[in-house]
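The values are calculated or read from the model by the stated rules, or taken from the named source; none is laboratory data. A quick note: this is a predicted structure, and the numbers were derived from the prediction, not measured. Don't worry about glycine lacking a Cβ; one is built from the backbone with ideal geometry, like all the others, and counts go over all protein chains shown.
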Amino acid sequence: MPATGAAAATAGVVDAVKPRPKAQGRRGDEDPRERILCSECHGVVTNGSARIAMCGRHEHVFFNAFGHTFHIGCFRTAPGCVSLGAATLEDTWFTGHTWQVAICARCASHLGWRYEAPGAGGFFGLILNRLTEQTAEGGT
């Protein structure tokens with residue numbers, strides 16, 4: 001799947017991805033004030049209420065042909081991300097969804113990917129160890 005470099009190829013998928021993913025809300029009890037930040041620059045990327053489930057789960061683990069493993073979380077929106085490059089279906093981790101690299105709008109760190117499917121809308125698959133959660137009280 002998407003690597004941080006130019007060409008990306010999936011050698012395998014650690015978890016099974018069902019053929020027709022559909023975004024669904026994860027939890028209704030999350031505080032939208034829970035901010036999710038870029039671990040590098042602490043810019044706001046999204047918030048806790050943007051978490052969604054794809055293929056029945058919020059979190060997924062994938063690996064690519066270059067030996068990189070990615071533990072990602074799915075988010076409906078990520079206003080603190082910018083999508084780069086042309087959308088492609090090549091080596092997608094979510095069947096029927098094109099992807100683009102997503103970087104932090106503040107520091108340009110690679111944070112994950114933006115996925116889009118005709119008629120199903122889009123979402124962000126963000127690399128969880130590149131994010132930091134901050135609660136309304138200000139702690140992480």
| query | Taking the stretch 51-67, which residues are buried (at least 16 other Cβ atoms within 10 Å of the Cβ) and out of contact with any strand residue (DSSP E or B) (no Cβ under 8 Å at 6 or more places or on another chain)? | reply | Cys55
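Quick check on the stretch 88-97. Is at least one of its residues among the aliphatic types (A, V, I, L, M), touching a strand residue (DSSP E or B) at 6+ places or on another chain (Cβ under 9 Å) and more than 19 Å from Cys38 (Cβ to Cβ)?
Yes, the stretch 88-97 contains at least one residue that is among the aliphatic types (A, V, I, L, M), touching a strand residue (DSSP E or B) at 6+ places or on another chain (Cβ under 9 Å) and more than 19 Å from Cys38 (Cβ to Cβ).
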| remark: Sole miss for Glu116 among (1) outside any strand (DSSP E or B); (2) surrounded by fewer than 18 Cβ atoms within 10 Å (Cβ to Cβ) is condition (1)
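Restricting to strands (runs of 3 or more DSSP E) lying wholly in the stretch 30-99: which have 1 or more residues that are in contact with a Pro (Cβ under 6 Å, 6 or more places away or on another chain) and within 15 Å of Leu126 (Cα to Cα)? Walk me through how you get there before you give the answer.
On the way: elements: 35-38, 44-47, 59-63, 69-75, 81-88.
Result: 44-47.
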| query | Ile103 fails exactly one of the following numbered conditions: (1) within 19 Å of Glu40 (Cα to Cα); (2) touching a residue at least 40 places away in the same chain (Cβ under 8 Å); (3) assigned to a strand (DSSP E or B). What is the number of that condition? | reply | (2)
| note | Being under 12 Å from the mean Cα position of the chain (by Cα), surrounded by fewer than 16 Cβ atoms within 10 Å (Cβ to Cβ) and touching a residue at least 40 places away in the same chain (Cβ under 8 Å) narrows Thr77, Thr95 down to just Thr77
| message | Give me the residue from the stretch 118-140 that is at pLDDT 95 or above and of a type in the set (A, V, I, L, M, F, W, C) and, out of that set, farthest from the chain's Cα centre (by Cα). | response | Leu131
| task | Could you list, in sequence order, all residues of the stretch 119-139 that are within 18 Å of His71 (Cβ to Cβ) and either assigned to a loop (DSSP other than H, G, I, E, B) or in contact (Cβ under 8 Å) with a residue 60 or more places away in the chain (or both)? | result | Phe123, Phe124, Gly125, Leu126, Leu128, Asn129, Arg130, Leu131, Thr132, Glu133
